[in-house]
Amino acid sequence: MGATSLLILTLAAIVFSAGGILVSKIFVKGSQNAQKGQAYECGVPTVGKTWLQLNVGYYLFALIFLIFDVELVFLYPWATVVKEIGWMAFLDIIIFFFILFLGFLYAHKKGALKWM
Amino acid sequence: MISLEGLTTLLQTWLQNTLGEPWAFAAESVLVGIAAITLFAFLGLALVYMERKVAALMQIRLGPNRVGPKGIFQTSADTLELVMKEGLTADGADKFLFNLAPFMVMIAAMLVLAPIAFARNFQIWDLSIGVLYVAAVSSVAVIGILMAGWSSNNKYSLLGAMRSAAQIVSYELSAGLSILAIVILTGSLRISDIINSQADGWWIIKGHLPVLIAFIVFLIAVTAETNRAPFDLAEAESELTAGFHTEYSGMKFALFFLAEYVNIFIVCAIGATLFLGGWMPFHIGGWDSFNHVMDFIPSSLWFFGKTMFLIFLIMWFRWTFPRLRVDQLLNLEWKYLLPISMVNLLLVTFMAIMGWHL
């Protein structure tokens, strides 16, 4: 069907989701009271700000992920031509992985892969 | 005999003959949209029912058995109940992002359907970078999850979303590397090329040990990517209530729930396509009469059979392995799966160049 299918699928998802929400909006008659809008915290009133500081570990993992993900994108075109190029491609990927491995080792040494 | 692939060509020629070129295309578009929505609704109902029945099977109990024969209408009744619930929005929530998040997750799940081949010649769009497309689009769901967690104004949601994001992006790497193993052997990113390359045997059989390792890594990685137990830290009920969708209720919650199950189907369909031949019947190279007999089983049956088997496997995991801790989860990925899949990629490359897979 070509690229139009993406548009159609996106529209289908929007129609499906919006339709569901709309139907429930039509049928449901809600009531209002003060407790309803409170955050779910097992019945206890929320204490402090919600948007607080998070463990820096998440960001470190995200950074390392970014490096490896870009590497993965480089590998896709390489993977399609490996069989045609042969041993040269094998040598290339060993060098590529070696450099990547050094970076991985550095991150490991610096403790970026340790939780907490 | 009417099969899925015959039906589409029949429909296409009929539409083109009666309506003419531009209108036939419009009608086809509408049909594709309707089919996708129907598939979504059906998958949601069927997989939730299957999950509960499999859970019951594992724990030697009956599972849902009240609504309809063997309880098959249980999930429909549940859906009806969810539609009838009021959709709450917390006071401090970021209204716009809060309402946008379910749409993001649903669109991401729906878009991945495009390159999946459900049967012979039954594919919405056979694009030349099919596998890369699947890997790219399926990770868009992370944005929806982060959006939901951040906008909810709830600490449980935020923590669940952060965990979920860390987990999904981590395991995406080893899933991507194990997909690459098949790309190397096939030399193409097009889904139909990958399936056709398995006409003389599925990759898991003719790919020897490296493909088997890639398959196992892929299975573990997608279990984590879909936030399934034993990797369901993002919604560990005992510590985070429900993770990133704690504040969601009614239909918006149902959409997250549905997207989760559709995602399981999608990753299993991709796994079945890459490693188990997709719609390709069980063929053994050289055994022509045997292959011919296998061709009598419709290709859609092969595809759904394999996919359902993988889904069953993932549901089985849930009742077999206890939940991991966050540090264990990240250690498993970064210190075991990632190095293993990188070394395995070298093995596959070596095998492909030596030509042992033929």
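What follows draws every value from the coordinates through simple rules; no lab data is involved. Bear in mind that the values here come from a model prediction, so they are computed numbers and not experimental data. Please note: Cβ atoms are built from the backbone with ideal geometry, for glycine as well, and neighbour counts cover all protein chains shown.
Mean projection of the Cα convex hull over all viewing directions, computed for chain B: 20.6 nm². About its Cα centre, the dipole of chain A is roughly 580 debye, where the only charges are +1 on Lys and Arg Cβ and -1 on Asp and Glu Cβ. Taking all Cα pairs closer than 8 Å and separated by 6 or more residues, the relative contact order of chain B comes to 22 percent. Counting helices only, and only those DSSP H runs with n ≥ 4, report the 222 nm mean residue ellipticity of chain B as the sum of -39,500 (n - 2.57) divided by its residues, in deg cm²/dmol to the nearest 500. Result for chain B: -22000 deg cm²/dmol, rounded to the nearest 500. Given axes a ≥ b ≥ c from the Cα gyration tensor, I'd like to know whether the range B:115-253 is rounded (a/c under 1.5), prolate (a/b larger than b/c) or oblate. It is prolate, given that a/c is not under 1.5 and a/b is the larger ratio. When both the range B:42-64 and the range B:199-236 are represented by their alpha-carbon centers, they are found 22 Å apart.
Counting beta carbons within 10 Å around each of A:66, B:212 and listing the fewest first gives the order A:66, B:212. Under a model in which nothing but the beta-carbon of Lys, Arg (+1) and Asp, Glu (-1) is charged, the range A:55-116 shows a dipole of about 320 debye around its Cα centre. Here the simple spin-label model places points 7 Å from the Cα toward Cβ, and for residue A:81 and residue B:323 these points are separated by 4.8 nm.
Return the FRET efficiency for the residue pair residue B:7, residue A:47: r is the Cβ-Cβ distance, R0 is 60 Å, and the value is rounded to the nearest 0.05. Between residue B:7 and residue A:47 the formula returns 0.50. Label sites at residue A:62 and residue B:86, each approximated as a point 7 angstrom past Cα along Cα to Cβ, lie 3.5 nm apart.
For chain B, the residue among B:140, B:220, B:99 whose Cα projects farthest onto the positive side of the dipole built from Cβ charges is B:220. Ordering B:255, B:282, B:322 by Cα displacement along the dipole of the range B:214-358 toward the positive end leaves B:282 in first place; charges were set at the Cβ atoms of Lys, Arg (+1) and Asp, Glu (-1).
Per-residue Karplus couplings for the range A:74-85, computed as 6.51 cos²θ - 1.76 cosθ + 1.60 with θ equal to phi - 60°, are listed in order as 5, 6, 4, x, 4, 5, 6, 10, 3, 5, 6, 7 Hz, Gly and Pro entered as x. Projected onto planes of every orientation and averaged, the convex hull of the alpha-carbon atoms in the protein assembly as shown covers 25.6 nm². Once backbone amide H atoms are built at 1.01 Å from N, residue B:227 has no partners under 5 Å, excluding neighbours fewer than 5 places away on the same chain. Taken along its principal axes, the alpha carbon cloud of chain A reaches lengths of 70, 49, 16 Å, longest axis first.
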